[in-house]
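What follows is a set of notes on a single structure, which appears directly below.
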Amino acid sequence: MKQRLLVLVLAIGAVHLFCSYTFPPDEGSKDALVVRYMLRGMQLYHYQPQALNDQFSEMVFDEYLERMDVSKRIFTAKDLDELKKYRTKIDDELNQGNFDFFEQSLKIYQKRLAEVKIYSQEILAQPVNLRDNGFYEADPDKIAYAKSTSELRDRWVETLEYAVLTRLSAAMDRQSKEADPALRKPVETLEQEAREKVLKNYEDYFKRMERRTSEDYQAVYFNAITALYDPHTNYFPPADKENFDISMSGKLEGIGAQLSEDDGYIKIVNIVPGSASARQGDLKVNDLIIKVAQGENEPVDVVGMEVDEAVKLIRGPKGTEVRLTVRKVDGTEQVVPIVRDIVELEETYAKSAILSQGADGQKIGYIYLPKFYADFNDRNGRRCATDVEREIAKLKTQGVSGIILDLRDNGGGSLQDVVDMTGLFIDKGPVVQVKSREGMPQILADRNPQVQYDGNLIVMVNALSASASEIMAAAIQDYGRGLIVGMPTFGKGTVQRFVNLDEFERGYSAAKPLGEVKLTIQKFYRINGGSTQVKGVTPDILIPDEYSSIGIGEREEAHYMPWDEISPVPYAKWSRNPGSKLAELQAASQTRVSASPTFELIGQNAERLKRRQDESRYPLNLEAYEAYRKEVETEAEKFKNIETTIEAFTVAGVPQDLEGTVDPLRREQLDTWYGRLRKDAALYETLQIMMDLNK
């Protein structure tokens, strides 16, 4: 499924509710200025500017209409036919500051919305057909636009029946656990209650949509344009930019999860280290949020809701509880209660432990780095390169015979710290090439000949290791300085910056503020010349995990920038390159993984998750749906206890972290962390790879 920003605007009432919206009258209007300066900024600064021609126009046409109706429950095929006359004219309109296509599409959209509102009221006024032998298709990529308004209404019957059915099924499940028969309700009563809750959620949703402004509608159109440049180029109206700044500051009290839209669902794309979500532990990347409740209050459906609207429900003051009903990749649903809190900074910093296996005697150092952090506002503030150097020093005092640096789930951060940290393990030399669209690449190099650690090194990565993590893993691999183990990385090899559109409008203007554009200005290249874009970094030794079969990464995004390569730069391979033993190490690891019951389960679970992820067709018959749900839950039960403590695996704290007076809460956090590491099959396999490397 393609990830896109959803704009599914459901109307509450007739067309006249939208008449307050004023279309841009001329190219001197604010909207025309935004388009003009947005295109100018992207033409001047974007790494890969687009030609405004008929082909571009056709792509904007398709992108915009899909964003307006991602679930294909508003427009009909006839509506699109009516708009096709604009298909090759949008580029001309953009150049002229003309919005005819936008105006006409919105008029049709509003008309259909009024009809959809009536459909929903009529459908939910009567009991749904629990014996319907049809199916609800949740993936819009697998269905065409409705041919007529009659077919559109049928699609809404399926949509609302499914919404009621899922609530009814959950209510029946809860009631089955009720010990007192007198408190049990008949199915008809439960169906009515479920239907009323669905209707209430839609009514609340309609009310929220009434508050949408002209900027909200225009932002959809503008972002359909920017999306064609690459997935990370976006237009931010002034209010949205403020929200972005708040989320990036790390000071927002909430659950600590990054969200995106994925075909009408709110998807978890990142868990912030040290956040309330990370500490609670049940929320995972790729989970889909389908309902949000404030504590014990009635949950609100967020399927079909825009991300910013869902975020308003999820955010809240420290100490309050939000309950997220999430759909896991395997199709099961789970209520995840999270007490909102600020990020615990200690959990975002580098930390270390000492690993060993049985009576082998080897002590291996382990450093966990959740992100490449730096305090850009305080030159004396904490930086990850300095902290990792400190952890290396502590491990060296313990006589470790190798260090494992864990960059799994590390989404990146400070570029300078990548260079400095790589320099801890190599002699001076280039680390990464950064190239703008014009001119020669800039080579960022470690210029300090001192090597803080010259022993055996392994870097762990996975599909969620991105950006700065990929730069470091690539440099270590290119130098032959150490082994990269795990799964192929995310593949984000681009750099973004914000351009304030007000800078193009000189002097005072009533149109200001115009908003900002975040656009891609540079690409990262390895010192061997290959880009980290799309391809990421392929490990020297593969260790399967739960993401092995699931599509995660830049290549899953729409309109991603392609992989390419430039000239390599001179660099000297590490003198004690482990490559000579690579084939032997790969074979030994493969033998262990193949014989491991845990990895067999991990592999089976990865395939199961992929199969369930691809499923999108659900029965509308209550009996059939109940059977399907129980099948999914029974299948998931088999894999609940994959992570068990590995008895031969010893994880100990570094003495310097445990000496003297240690805050009891901090000691408890460390002990919990050590316990989690002992359940990490991939880490245990990496330990064994290191011990083989040391032979």
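Brief remarks follow.
- Subset of the stretch 622-681 that is part of a helix (DSSP H, G or I) and of a type in the set (Lys, Arg) - its residue that is farthest from SER596 (Cα to Cα): ARG666
- Restricting the stretch 474-514 to residues that are β-branched (Val, Ile, Thr) and over 19 Å from GLY529 (Cα atoms), the residue that is modelled with the highest pLDDT: VAL485
- Flag for ARG497 being more than 25 Å from ILE550 (Cα to Cα), within 20 Å of the chain's Cα centre (by Cα) and open to solvent by 50 Å² or more (accessible area, probe 1.4 Å): yes
- Single condition GLU623 does not satisfy, out of (1) buried (at least 16 other Cβ atoms within 10 Å of the Cβ); (2) within 30 Å of LEU160 (Cβ to Cβ); (3) touching a strand residue (DSSP E or B) at 6+ places or on another chain (Cβ under 9 Å): (1)
- Yes/no for ILE392 being among the aliphatic types (A, V, I, L, M), assigned to a loop (DSSP other than H, G, I, E, B) and in contact (Cβ under 8 Å) with a residue 60 or more places away in the chain: no
- Residue in the stretch 119-157 that is farthest from VAL303 (Cα to Cα), counting only those that are small (Gly, Ala, Ser) and in contact (Cβ under 8 Å) with a residue 60 or more places away in the chain: SER148
- One residue from LYS363, LYS318 being within 27 Å of ILE403 (Cβ to Cβ), modelled with pLDDT of 85 or more, open to solvent by 50 Å² or more (accessible area, probe 1.4 Å) and out of contact with any helix residue (DSSP H, G or I) (no Cβ under 7 Å at 6 or more places or on another chain): LYS363
- Contacts under 6 angstrom Cβ, first residue in the stretch 203-225 being of a type in the set (Phe, Trp, Tyr), partner open to solvent by 10 Å² or more (accessible area, probe 1.4 Å), 6 or more apart: PHE206/ILE12; PHE222/TYR235
- Scan the stretch 176-192 for residues that are free of Cβ contacts under 8 Å to residues at least 40 places away in the same chain and either of a type in the set (Val, Ile, Thr) or surrounded by 14 or more Cβ atoms within 10 Å (Cβ to Cβ) (or both) and the total you get is 3.
- Number of the exception - ILE289 against (1) modelled with pLDDT of 85 or more; (2) touching an Asp or Glu at 6+ places or on another chain (Cβ under 9 Å); (3) of a type outside the set (S, T, N, Q); (4) not in a loop (DSSP other than H, G, I, E, B): (2)
- When the test is whether a residue is of a type in the set (Asp, Glu), in a loop (DSSP other than H, G, I, E, B) and surrounded by fewer than 23 Cβ atoms within 10 Å (Cβ to Cβ), ASP454 passes it.
- Verdict on ILE541 being farther than 30 Å from ARG40 by Cα and in contact with a strand residue (DSSP E or B) (Cβ under 9 Å, 6 or more places away or on another chain): yes
- Unmet criterion (only one of (1) at pLDDT below 95; (2) within 30 Å of LEU199 (Cα to Cα); (3) charged (D, E, K, R); (4) open to solvent by 10 Å² or more (accessible area, probe 1.4 Å)) for ASP69: (4)
- Evaluation of SER549 against the conditions (1) closer than 30 Å to ASP262 by Cα; (2) out of contact with any helix residue (DSSP H, G or I) (no Cβ under 8 Å at 6 or more places or on another chain) shows that the sole unmet condition is (2).
- Scope the stretch 395-410; condition of a type outside the set (D, E, K, R), open to solvent by 50 Å² or more (accessible area, probe 1.4 Å) and assigned to a loop (DSSP other than H, G, I, E, B); matching residues: GLY399
- Number of the condition not met by TYR560 [criteria: (1) among the hydroxyl-bearing types (Ser, Thr, Tyr); (2) open to solvent by 40 Å² or more (accessible area, probe 1.4 Å); (3) modelled with pLDDT of 95 or more; (4) in a helix (DSSP H, G or I)]: (4)
The values are calculated or read from the model by the stated rules, or taken from the named source; none is laboratory data. These numbers were taken from a predicted model, which means no experiment stands behind them. Reconstructed Cβ throughout: ideal geometry from the backbone, glycine too, with neighbour counts over all protein chains shown. Only protein heavy atoms, including side chains, enter the accessible area calculation; ligands, DNA and RNA are left aside. Shrake-Rupley method; radii C 1.70, N 1.55, O 1.52, S 1.80 Å.
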